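Heads up: the structure comes next, in structure tokens.
The values are calculated or read from the model by the stated rules, or taken from the named source; none is laboratory data. Just so you know, these numbers come straight off a predicted model, no measurement behind them. Don't worry about glycine lacking a Cβ; one is built from the backbone with ideal geometry, like all the others, and counts go over all protein chains shown. Calculation scope for accessible area: heavy atoms of the full protein, side chains included, ligands and nucleic acids excluded. Shrake-Rupley method; radii C 1.70, N 1.55, O 1.52, S 1.80 Å.
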Amino acid sequence: MQAVANSPIIGAVMLPMRVASVERPVEDVKLFTLQALYGERLPPAEPGAHIDVHLPGGEIRQYSLVDCGDALHQYRIAVKRIKDGRGGSAWLHDTFDVGHEIMMSPPRNNFPLDETGTDYIFIAGGIGITPVLPMIERVEMLGRRWTLHYAVQRHEHALFRKVLSDYGGKVIFYTSRESNPSRLDLHAVLSAAQPDARVYCCGPAPMLQAFRHMTANWPSGRARMEAFEALEESDRSGGFVVELSRSGLSLNIGTGQTILEAILEAGVDVPSSCRDGVCGTCETRVLAGVPDHRDVYLTVEEQDAGDRIMVCCSGCRGDRLVLDL
Ligand code: FES
């Protein structure tokens, strides 16, 4: 048994996992601890990494890993119940329990920590603390200067509050709905950042939209953010042609239509799940043309490379795209 527990899972596309424990650290958030079905060592995870959880209905949801390292025997994910969501978080909260099995992807990191910096600023809102926690643990271990600005509605909503409080003045809590509210002033935090500071942000869509807007002209790699929901509308402007190289089809994308909808209508199969640019299921190779990216799945660098597109939400900067379909 010991031999199995110490054997790593290598090269797996999917990981069969079992729920080892479930906690409810704050209202509307469940913390799931998952282990490999046969107790093997899990693939390593970097700070900021997430996994894709494949729900029984075929949907895929992304959750950040709370723990990182090279020799993990468990992954922990925090799941917030999304009111009026698409049902994934509700299923995980209401049905998923100790002993249940589920498939998930190995860790993927769209929110990598640049360890070459000397100064770090982390900004988190609510459940967005999840990928940030292993990052601050890492920079603390490396002996770097860092500050975390963590915004929640009330003190009792702060996830990992005890762990974070142990860092003393390096962690600044903001509570918008206490009797004496203290609000995070994103503009002030970013304006005060040292020119060489690395800044990382994860939180609700309005926070990320503001962050993206305020750091739009910053040098590449200095400001990074992680989103788990769409930050802008899917492109339905139409008025361009999509050529499918393998199918030999040429599709006129009309107003009100996404590329994915046009492709499916033409009878060509493309896997999809979230249809919101979040999960990466519909990722397609671009052979010619320039995509107008609307997803939150690809990193900025991957988007700039222009060789991949999420056809469920992205459009075309020009009049023609050629896809490897
Ligand atoms: S279907 Fe999820 S990114 Fe396109």
Under-5 Å amide H pairs with Leu325, H placed in peptide plane, nonlocal only: Ser245, Arg246, Ser247
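Hey, what did the chain get for relative contact order, percent, Cα under 8 Å, at least 6 apart? Walk me through the intermediate numbers first.
On the way: 701 pairs, mean separation 43.4, N = 325.
RCO, the chain: 13 percent.
Provide the percentage of antiparallel DSSP beta bridges, counting only those with both residues in the chain; round to the nearest 5.
Here the antiparallel bridges make up roughly 60 percent for the chain.
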Per residue value of the accessible surface for the chain (all protein chains in place, 1.4 Å probe), Å²: 47
Sequence-distant residues sharing a close amide H with Leu65 (under 5 Å, placed H): Ala49, His50, Ile51
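Explain nothing, just the number: dipole magnitude of the stretch 119-226 about its Cα centre with +1 on each Lys and Arg Cβ and -1 on each Asp and Glu Cβ, in debye rounded to the nearest 20.
The calculation lands at about 80 debye.
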³J(HN,Hα) computed for each position of the stretch 87-97 - Karplus, 6.51 cos²θ - 1.76 cosθ + 1.60, integer Hz, glycine/proline x: x, x, 5, 5, 5, 5, 6, 8, 10, 6, 8
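May I ask you to derive the relative contact order of the stretch 175-325, considering only C-alpha pairs under 8 Å and at least 6 residues apart, and to give it as an integer percent? Let's see the in-between values first.
Numbers: 266 pairs, mean separation 33.8, N = 151.
The value is 22 percent.
How would you rank 306-317, 265-276, 126-137, highest first, on the average number of other Cβ atoms within 10 Å across their residues? Could you put the intermediate results ahead of the total?
Numbers: 306-317: 22.8, 265-276: 15.4, 126-137: 24.3.
Put in order of decreasing packing, that is 126-137, 306-317, 265-276.
Take the solvent-accessible surface of the protein heavy atoms, probe 1.4 Å, and return the percent of it on the stretch 40-145 that carbon and sulfur atoms account for. Intermediate results must be reported in sequence, preceding the final value.
Details: 2120 of 4280 Å².
Ligands and nucleic acids excluded, carbon and sulfur reach 50 percent.
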Net charge contributed by nearby residues that have their C-beta within less than 10 Å of Asp114 (K/R +1, D/E -1): +2
Cβ charges +1 (Lys, Arg) and -1 (Asp, Glu), total dipole of the chain, debye: 680
Positive-end residue, the stretch 240-323 charge dipole about Cα centroid, Cβ charges, pick of Asn252, Leu287, Ala305: Asn252
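What number comes out for the charge environment of Gly85, summing +1 per Lys or Arg and -1 per Asp or Glu over other residues with Cβ under 10 Å away?
On the way: positive: Arg61, Lys80, Arg81, Lys83, Arg86; negative: Asp84, Glu229.
Spelling it out: positives minus negatives among the neighbours equals +3.
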As computed over the stretch 2-104, the Cα convex hull volume per residue (Å³): 98
Per-residue HN-Hα couplings for the stretch 54-64 [Karplus 6.51, -1.76, 1.60; θ = phi - 60°; Hz; x = Gly/Pro]: 8, 6, x, x, x, 6, 10, 10, 9, 9, 6
Pairwise centroid distance, computed over Cα atoms, of the stretch 257-280 with the stretch 113-134, Å: 33
Acute angle (nearest 10 degrees) that the helix 129-142 long axis makes with the longest principal axis of the chain, alpha-carbon atoms: 60
Dmax and Rg, reported as Rg then Dmax, of the chain (C-alpha, Å): 20.8, 64
